[in-house]
1. For the stretch 49-55, just list the computed ³J(HN,Hα) in residue order, Karplus coefficients 6.51, -1.76 and 1.60, θ = phi - 60°, integers in Hz, with x standing in for Gly and Pro.
2. L93's amide H: which non-local residues (gap 5+, or another chain) put their own amide H closer than 5 Å, with H modeled 1.01 Å from N in plane and none for Pro or chain starts?
3. Enumerate the calculated ³J(HN,Hα) couplings along the stretch 79-86 in order (Karplus 6.51 cos²θ - 1.76 cosθ + 1.60, θ = phi - 60°), each rounded to whole Hz, writing x wherever the residue is Gly or Pro.
4. About the Cα centre, and with charges only on the beta carbon of Lys, Arg (+1) and Asp, Glu (-1), how big is the dipole of the stretch 6-170? Nearest 20 debye, please.
5. Can you tell me the accessible area per residue over the stretch 34-172, all protein chains present, probe 1.4 angstrom, in square angstrom?
6. Separation between the D35 and T69 pseudo-spin-labels, each 7 Å from Cα along Cα→Cβ, expressed in nm?
Amino acid sequence: MANLSRRAFFTRLKATPEVANPFRPPWTSEQRIEDKCTGCFECVKACPEGILFSDDNRPYLKPGVGECTFCEACASACPEEGLFDLTQTPWRLTAELKQEACLLHKGVSCRSCTDCCDPRALRFDLRAAPVGQIQLDADQCNGCGACLVACPVDAISLNDQSNMNQETLANA
Ligand code: SF4
Ligand code: SF4
Ligand code: SF4
């Protein structure tokens, strides 16, 4: 909570639902949240990146606010045994790129997203005219969300590939 003002922190604990099908914190599932979450929001308070919020008494991730570093602080802070399962992959979120919205599609040079993508799921392809194109390898994407923060024109969103949540949240 070190980086959050008091007002910003309580904004994150709002009880009013904001999104219909929110993305949940890493290493959780909709079912385990439903079964085990008491609404204590220790995970929300523990997240150093400030990307977890509360909604309708449940924690959720807000894409585009910041990057998940997979630091496990949320999982460590949760007092409910088995709600976070660190033996599983964190989630099935992957980036989705709208080429027509990208600055490169308009002939403007930009590589902000490739510069911040540690797994190199986003790569710059110079062969595409006139100034190149971004290629996304979804299999390499870990859903960290860094590219959403970096993109100046909201050309990238996160998709939930699991069956529990099919909704796309574009910088919600
Ligand atoms: S793993 Fe770390 S950065 Fe990601 S949601 Fe949990 S506390 Fe936040
Ligand atoms: S979400 Fe993270 S891993 Fe995936 S493309 Fe964006 S920066 Fe790369
Ligand atoms: S950061 Fe956005 S505008 Fe820039 S290259 Fe990536 S997708 Fe295109």
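The values are calculated or read from the model by the stated rules, or taken from the named source; none is laboratory data. Only a predicted model underlies this, so the values are computations on that prediction, with no experimental measurement involved. Here Cβ is always computed from backbone atoms with ideal geometry, including for glycine, and neighbour counts include all displayed protein chains. These accessible areas exclude ligands, DNA and RNA; they are computed on the full protein's heavy atoms, side chains included. Shrake-Rupley method; radii C 1.70, N 1.55, O 1.52, S 1.80 Å.
1. Along the stretch 49-55, the couplings run 8, x, 9, 9, 9, 10, 8 Hz.
2. Sorted by chain and number, the residues that satisfy this are Q161.
3. With coefficients 6.51, -1.76 and 1.60, one gets x, 8, 4, x, 6, 9, 10, 6 Hz.
4. 540 debye
5. 52 Å²
6. In this crude label model, D35 to T69 measures out at 3.2 nm.
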